[in-house]
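The values are calculated or read from the model by the stated rules, or taken from the named source; none is laboratory data. On a predicted model such as this, the values are computed, not experimentally measured, just so you know. Glycine also receives a Cβ, built like all others from the backbone with ideal geometry; neighbour counts cover every protein chain displayed.
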Amino acid sequence: ASRDGARPCYYSSIPRLVKLARMSSEERTAANMDRSAQLQALVEGPLGGNALQLVGELQFAFLAFLQGHSPQGFAQWKAILGLCFGCLEAPLAALPRFFECLLRALDSQLAFLQGEVGPAENLGQASAGEHILPGVAAEDLLQDSFFASAAKQ
């Protein structure tokens, strides 16, 4: 803690790669190709079953980076997106509402960064016919993920 009593931010521990000795190489590869089980374990464990807390943490990390110039906030933002974009099963089967909220939050963040909306406007309110993830920045983030095909629709 600093002299003024401020404490550092706490972020959830985001799983990286699965490297369990008891897993076969095929199981390890499958677990790292589809990170849905890792996301589900995070939601059911530290987040107490509330996946939307992870969306809140994504928003907090984004703001901590932008407003507080926190490299830890940026690292957490990237880690959350990396975990979520590495999921193949969870977006449609296990956590569809979570992924809808995640995409709306990311859309708001990208729009804010591109200067398309002001901070007082309704962020994340896409009108009919708009893509949730427009622009080049979204394509760069999504090129090797499940969402690449969803972003093109």
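Do any helices (runs of 4 or more DSSP H) entirely within segment 17-68 hold 3 or more residues that are touching a residue at least 40 places away in the same chain (Cβ under 8 Å) and under 13 Å from the mean Cα position of the chain (by Cα), and if so, which?
Because the criterion is at least 3 residues that are touching a residue at least 40 places away in the same chain (Cβ under 8 Å) and under 13 Å from the mean Cα position of the chain (by Cα), the helices (runs of 4 or more DSSP H) in segment 17-68 that meet it are 36-44, 52-68.
Quickly run through segment 82-96 and pick out the residues that are part of a helix (DSSP H, G or I) and touching a helix residue (DSSP H, G or I) at 6+ places or on another chain (Cβ under 7 Å).
L83, C84, F85
Can you name every residue in segment 74-102 that is surrounded by fewer than 22 Cβ atoms within 10 Å (Cβ to Cβ), over 16 Å from A37 (Cα atoms) and of a type in the set (A, V, I, L, M, F, W, C)?
F74, A75, C101 - these are the residues of segment 74-102 that are surrounded by fewer than 22 Cβ atoms within 10 Å (Cβ to Cβ), over 16 Å from A37 (Cα atoms) and of a type in the set (A, V, I, L, M, F, W, C).
Could you go through segment 41-51 and let me know if any residue there is within 18 Å of G86 (Cα to Cα), in contact with a Cys (Cβ under 9 Å, 6 or more places away or on another chain) and at pLDDT 85 or above.
So far as segment 41-51 goes, yes, one or more of its residues are within 18 Å of G86 (Cα to Cα), in contact with a Cys (Cβ under 9 Å, 6 or more places away or on another chain) and at pLDDT 85 or above.
Scan segment 54-72 for residues that are surrounded by 15 or more Cβ atoms within 10 Å (Cβ to Cβ), modelled with pLDDT of 90 or more and not aliphatic (A, V, I, L, M) and report the count.
Residues meeting the conditions: 4.
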